[in-house]
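The values are calculated or read from the model by the stated rules, or taken from the named source; none is laboratory data. Note that the coordinates shown come from a computational prediction; the quantities given were computed from them, not determined experimentally. Cβ atoms come from the backbone with ideal geometry, glycine included; neighbour counts cover every protein chain shown. Side chains included, ligands, DNA and RNA excluded: accessible areas come from the protein's heavy atoms. Shrake-Rupley method; radii C 1.70, N 1.55, O 1.52, S 1.80 Å.
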Amino acid sequence: MTMATGLAIAETVNFDDMKTGAPPPGWTATQTGSGAAKWAIEKDDSAPSKPNVLKQSGQATFPVCFKNDTNIKDGFVEVKFKPVAGREDQAGGVIWRVQDANNYYISRANALEDNVTIYHTIGGKRVAFKSINTKVKSGVWHTLRVDFGGNKFTVTFDGNKVIEATDQSFPNAGKVGVWTKADSVTLFDDFSFSGK
């Protein structure tokens, strides 16, 4: 019996070669629950990799945008995000093992609550299974990463490991993407992922 070793090469999407004013091609730009998410590629001078970012500026229960050609069971997902505005929420997150718009794992950071949380969303219902209080500044770019293998998850925020958790809800491979909540206006850039 031979063992395959080594990790697959990570892929990074920086949105810079995409047409502005429209959702990214090859992604499903939608929401969990009600409302009307608005996902669009926009120019932004503050982008970590200029000129473009992915912006969510609509209002919905949970706006989600995931990459259609991904199918990862174990690996990582990472994004740079900037919470810009929102009265109810100013959040940005990553989603993985996405089965559809109502079933996925999510970790997010919220600038109004100053915390990072990991959840599963099953049938459109989101349930937290671990959270940590940490400063999340509005108007600043942050980096959120989740490494996932089997039922174990490690969340890293701005280079610091903040959460280690386990959950059995979605054992199978799925898509990866980004997430916001309610009226959050959030910018995303440098979306990276890899499967083992």
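Brief remarks on what is shown
- Remark: the chain carries 45 Å² of accessible area per residue (probe radius 1.4 Å; ligands, DNA and RNA excluded).
- Spatial separation of Cα centroids for the range 156-196 and the range 21-73, in angstrom: 14 Å
- Summarised as an ellipsoid, the chain has semi-axes of 24, 19, 17 Å, derived from the eigenvalues of the Cα gyration tensor scaled by 5 and square-rooted, with the largest first.
- Portion, in percent, of the accessible area of the range 46-196 that falls on carbon or sulfur, probe 1.4 Å: 45 percent
- Considering all C-alpha pairs of the range 156-196, those separated by over 13 Å amount to 75%.
- Hypothetical label at Asn151: residues of the range 65-82 whose amide nitrogen lies under 17 Å (7 Å Cα-Cβ projection): 74
- Amide H partners (placed H, <5 Å) of Lys130, local residues excluded: Ile118
- Max mean-square fluctuation residue, GNM over the chain, Cα-Cα springs under 10 Å, options Lys130, Lys38, Lys67: Lys130
- Binning the C-alpha pair distances of the range 50-155 at 5 Å intervals from 0 yields a P(r) profile of 2, 11, 22, 26, 22, 12, 4, 0 %, listed from the shortest bin outward.
- Considering only Thr166, Gly58, Val140, the residue lying farthest towards the positive end of the dipole of the chain is Thr166, judged by Cα position with unit charges set on Cβ.
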